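Have a look at the structure below, then the notes.
The values are calculated or read from the model by the stated rules, or taken from the named source; none is laboratory data. These numbers were taken from a predicted model, which means no experiment stands behind them. Cβ sites come from the backbone with ideal geometry, for glycine too, and all protein chains shown count toward neighbours. When the accessible area is computed, the model is the full protein with side chains, heavy atoms only, and any ligands, DNA or RNA have been set aside. Shrake-Rupley method; radii C 1.70, N 1.55, O 1.52, S 1.80 Å.
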Amino acid sequence: MSKFWVVLMHTYLSKIKSKSFLITTGITVLLILGISNLQNVMELFIKDEPKQIAVIDQSGTFFEPFRQNAETLEPDLTINQSSANPETLEKQVMDGELDAYVVLSSDAQGLPKGTFHAESVMNAEFAYTLDQSLQQTKVAAGTEKLGVEPEQVAELLAPVAMEKIALEENAKSAEELNQARGLVYVMLFVIYFSVITYASMIAMEVATEKASRIMEILISSISPIQQMFAKILGIALVSLTQLALMIGFGYLAVKDRMEEIDAMSGGIFGFSNTSPATIAYCIIFFLLGYFLYATLAAFLGSLVSRIEDVQQMITPMIFIVVAGFMIAMFNLGNPDNTFVTVTSYIPFFAPMIMFLRVGMLDVPFWEAGLSIVILLGTIFLLAYYGARVYKGGVLMYGNSSSLKDIKKAISMGKDN
């Protein structure tokens, strides 16, 4: 057993000390910190100088309410009425003295309309603010013309609130669904990328050792079965270390802004009130998904003798992961359909799709438990046959790069 721990720790330490691990983790952490502080970074490059806007009011009545509305919406706007002709204002815009100019006039009904002139119309936010202020000016002018009180108009235009109440017992509320959707969305990506990255790492590790003939030395001192599981658990520790660093730095970056993020996302990323059961299922299905595909990747990697053949061998496995991810993502808004229910019990899809269901729906415990049992059974079955394939596969050299070599590997494993 001591040899098992030696291989496990060697796999773990060699990976976390490698330049690729340190560089990848460092870049990812910097990206997380950068994205979480993107607004502050953008403010360093955005000038806070007030926007200078000139207005030609051909109606003679709309300038003042237009100015008030615009400066209320965007305090950085400085709006002044101008009596200059459009050609003069156009020259000032092109020379950089003005950011834009607006011509206000009346339509056939006596309501305001406007024309926006700027060097470029790419600044959508800037133009949108002026458009909104003109719309508010039109509403005010229209209500005055019709003799309607502004308070009555504001009451009619106020958004209607419809409370959503689930009649099913213990069903999730709208707020809980929003929070669950955010967690499910994030964790689907985590499971997807983790499975592909770390399972492929296991296959590559085995193939690399075979290509360098180290495998012949290793199997003389430790059984192939112990070696396979030592590598799987070693890479598992690597993945957990990397994920812990990423999640830890991510949490530190946003912990003081959780309420702001919750409000901006409409509650979707308000993880603080997420159900403990959902988090527990998240951890369980992540680990089960990892071990399922890691076991599969280990014995697929043992079938190849050249590093160049690894990608070809594990491609079918990656396609299965992609299929499960796509099914989950396309049904994020409709997790209770029959197709999702059926595929949530298929072992290679269950880590993502059953997690989608337990996160978004009030799934009975026995359904989630049944999926977990099926997953565990599949992992043990893969581990049993995978160990036999691995035992023979590590002794196979030459052009072994197809699934037909599994039978040959099992035969060689029986003979040794």
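Extension gain, His10 to Ala244, is 82.2 nm, computed as 0.36 nm per intervening residue step minus the present C-alpha separation. Heavy-atom accessible area with a 1.4 Å probe sorts Leu381, Leu130, largest first, into Leu381, Leu130. One chain, two ends: Thr78 and Gln132. Fully extended at 0.36 nm per residue, the span grows by 17.9 nm beyond their Cα-Cα distance.
Per-residue Karplus couplings for region 128-141, computed as 6.51 cos²θ - 1.76 cosθ + 1.60 with θ equal to phi - 60°, are listed in order as 5, 4, 5, 5, 5, 5, 5, 5, 5, 5, 5, 4, 5, 5 Hz, Gly and Pro entered as x.
Between Met94 and Ala277, 0.36 nm times their residue separation minus their Cα-Cα distance comes to what?
Result: 59.8 nm gained on full extension.
Amide H contacts of Lys51 (H built 1.01 Å from N, in plane; Pro and chain starts excluded): Leu77, Thr78 sit under 5 Å, all sequence-distant by 5 or more or on other chains. Distance between the pseudo-spin-label points of Phe193 and Thr28 (7 Å out from Cα toward the beta carbon): 0.7 nm.
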